[in-house]
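What follows is a set of notes on a single structure, which appears directly below.
Coordinate-derived values only; no laboratory data. Nothing here was measured: the structure is a model prediction, and the numbers come from that model. Note that we place each Cβ from the backbone using ideal geometry, even for glycine, and neighbour counts take in every protein chain shown.
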Amino acid sequence: MKNIIAFAGSNSRSSINKQLVTYASSLLDNAKVDLLDLNDFEVPLFGVDLEAEMGHPENAKLLLNQIKQADGVLLSLAEHNGAYTAVFKNMLDWMSRIESKNFYGKPMLLMAASPGGRGGKSVLAMANDRFPRHNANIVADFSFPSFGSNFSEGQIVNEELKEELISKVELFENAI
């Protein structure tokens with residue numbers, strides 16, 4: 001059985017991206033999923049002076065090790081002002097200082113959900129451009145718009161979007 005890690009690029013306790021990544025992980029047939037929460041991996045705000053003083057935070061090393069040990073990664077990015085959330089960007093900065101190729105070629109299903117009609121397309125574009133430089137193997141991505149009207153009681157209620165995600169999860173599963 002394959003081991004998958006799934007997490008949202010958000011520290012919101014009511015994150016719609018955590019809800020999406022949780023739902024997507026439930027669609028996997030033959031995998032053990034570890035649902036992670038960035039709140040469990042707190043790190044100080046990255047700075048080169050701080051890095052020189054204290055080295056690399058243990059929580060950045062722990063998350064990096066989770067990625068390294070996994071067979072695949074489900075990641076749903078929240079979008080703040082068209083970019084990564086501060087908490088995700090900060091963690092990415094720390095991890096890239098430990099190891100620049102920090103996604104280890106692991107198959108990744110990259111997602112973003114938003115309350116608006118664009119479905120996090122700006123942050124997806126940013127990640128699709130950036131993550132391969134960190135050795136991400138993005139096998140599929142999924143943009144989920146209008147979360148409030150397309151998601152209810154833990155699942156996607158828009159049939160077209162549901163079928164699209166199911167097909168993306170199948171692509172991911174075939175890659176792991």
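Give the stretch 1-17 a look and list any residue that's out of contact with any strand residue (DSSP E or B) (no Cβ under 9 Å at 6 or more places or on another chain) and closer than 18 Å to E170 by Cα, or say none.
First, pick out the residues of the stretch 1-17 that are out of contact with any strand residue (DSSP E or B) (no Cβ under 9 Å at 6 or more places or on another chain): 11-14.
Within the stretch 1-17, none qualify.
When the residues of the stretch 91-132 are filtered to those that are among the charged types (D, E, K, R) and touching a residue at least 24 places away in the same chain (Cβ under 8 Å), the one that is nearest to A6 (Cα to Cα) is K106.
When the residues of the stretch 138-175 are filtered to those that are in contact with a helix residue (DSSP H, G or I) (Cβ under 7 Å, 6 or more places away or on another chain) and farther than 17 Å from K18 by Cβ, the one that is surrounded by the fewest Cβ atoms within 10 Å (Cβ to Cβ) is V157.
Please specify each residue of the stretch 13-41 satisfying the condition of being assigned to a loop (DSSP other than H, G, I, E, B) and either among the aromatic types (F, W, Y) or under 21 Å from S146 (Cβ atoms) (or both).
Matches in the stretch 13-41: S14, S15, L27.
Against the criterion of being over 30 Å from K101 (Cα atoms) and touching a residue at least 24 places away in the same chain (Cβ under 8 Å), F172 does not qualify.
Quick one: which of G105, G120 is under 15 Å from the mean Cα position of the chain (by Cα) and loosely packed, with under 14 Cβ neighbours inside 10 Å?
Answer to the check: G105.
Does at least one position in the stretch 119-126 carry a residue that is of a type outside the set (K, R) and farther than 19 Å from V73 by Cβ? Checked the stretch 119-126: at least one residue is of a type outside the set (K, R) and farther than 19 Å from V73 by Cβ. Of the conditions (1) in a helix (DSSP H, G or I); (2) under 17 Å from N102 (Cα atoms); (3) over 20 Å from the mean Cα position of the chain (by Cα), I67 clears all except one; give me its number. For I67, the exception is condition (3).
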